[in-house]
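Notes to accompany the following structure.
The values are calculated or read from the model by the stated rules, or taken from the named source; none is laboratory data. This structure is a prediction, so every number in the text was calculated from the model and none was measured. Because the Cβ atoms are built from the backbone with ideal geometry, glycine has one as well, and the counts that use them run over all protein chains shown. In case anyone asks, the SASA skips ligands and DNA or RNA and just uses the protein heavy atoms, side chains included. Shrake-Rupley method; radii C 1.70, N 1.55, O 1.52, S 1.80 Å.
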Amino acid sequence: MAELYLIPNGPSPTTAAQVKVTTGTAIKTLLQVKMGASLTKRGKVVEWGISFDGTTAATPIQCELLCTGTVGVAALTAHVAAGIVNLDPNATAPTDDNPFDLSANMTGYTSSSTEGTITVSRMMDVQLIAPTNQYVKQWPLGREPQFHPSEFLRIRVTAAAAVNAYTYVLIEV
């Protein structure tokens, strides 16, 4: 039976709210996901979303959900198992390499400006979203994009002016 995971762009909130991440003004990966190397099945993107806390409507922010082949971001904050939520309360909690690779530079959030040299990519969704707005994309059943365990799934943004963001992805494994 498949399991559904929520992966946000930050650690799991405890006594404080989810941490917002700044977009900056250069291209920036806000969230990267890498499946565990021991998996043979693909990850299925069921839904993704992003929201901004800008106070004035301005130049829209370019938001991309893409698969970047074998090139990931070199400098990001690594996710931990507690930050990835298995939405089935009776299922096993994620651990490193099952089903996501939680080691350095694999599954994580808030990249520095080092995006890596991408030579192959597959765009899954791209939007121009106002810095005062939000966006959620849920694919119809049976039409969800998938990515192989050897590939990186990334949510990245390019903004004209820095604002804060929340973003997440729901992945079925």
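In the P(r) worked out for the range 106-173, what percent of Cα pairs fall beyond 13 Å?
Tail of P(r) above 13 Å: 75 percent of Cα pairs.
Here the chain is treated with +1 on each Lys and Arg Cβ and -1 on each Asp and Glu Cβ, and its dipole about the Cα centre works out to around 280 debye.
Remark: accessible surface ordering of Arg42, Arg143 (largest first) is Arg143, Arg42, probe radius 1.4 Å.
Candidate cross-link partners of Lys20 among the lysines, defined by an alpha-carbon separation under 26 Å and a same-chain spacing of 8 or more, comprise Lys28, Lys34, Lys44, Lys137. A Gaussian network model of the chain, with springs between Cα atoms under 10 Å, assigns the largest mean-square fluctuation among Leu65, Leu102, Leu87 to Leu87. Across Thr29, Thr68, Thr117, mean-square fluctuation computed from a Gaussian network of the chain (C-alpha pairs under 10 Å connected) peaks at Thr117.
Shape analysis of the range 12-76 yields a ratio of the Cα radius of gyration to the Kirkwood radius, Rg/Rh, of 0.99. Note on the chain: GNM, Cα springs under 10 Å; of Met106, Met35, Met123, the largest mean-square fluctuation is that of Met123.
Projecting the Cα atoms of Tyr135, Pro145, Asn90 onto the dipole axis of the range 61-166, where Lys and Arg carry +1 and Asp and Glu carry -1 at the beta carbon, places Tyr135 farthest toward the positive end. Within the range 1-108, none of the GluC sites (Glu not before Pro) combine a DSSP coil assignment with at most 11 other C-beta atoms in a 10 angstrom radius. Would you mind counting up the charge near Arg156? Only other residues with Cβ under 9 Å from its Cβ, with Lys and Arg at +1 and Asp and Glu at -1. So the environment of Arg156 carries a net charge of 0. Ellipsoid semi-axes for the range 24-173, based on the Cα gyration tensor and the rule √(5λ), read 25, 17, 15 Å when sorted largest first. Stokes-Einstein, applied to the Kirkwood radius of the range 78-130 over Cα pairs at a viscosity of 1.306 mPa s and 10 °C, places its translational diffusion at 114 µm² s⁻¹.
Give the relative contact order (percent, whole number) for the chain; include only Cα pairs under 8 Å separated by 6+ residues.
So the answer I get is 49 percent.
Probe radius 1.4 Å, ligands and nucleic acids ignored: give me the carbon and sulfur share of the accessible area of the range 79-173 as a rounded percent. Before the final figure, lay out each step's value.
On the way: 2530 of 4810 Å².
On the range 79-173, the fraction of accessible area on carbon and sulfur atoms equals 52 percent.
Straight-line reach from Lys41: taking Cα to Cα under 18 Å and skipping same-chain neighbours fewer than 8 places apart, no lysines fall in range.
Just to confirm, what accessible area per residue do you get for the chain at 1.4 Å probe, in whole Å²? Mind dumping the intermediate values first?
Details: 8260 Å² over 173 residues.
That works out to 48 Å² per residue.
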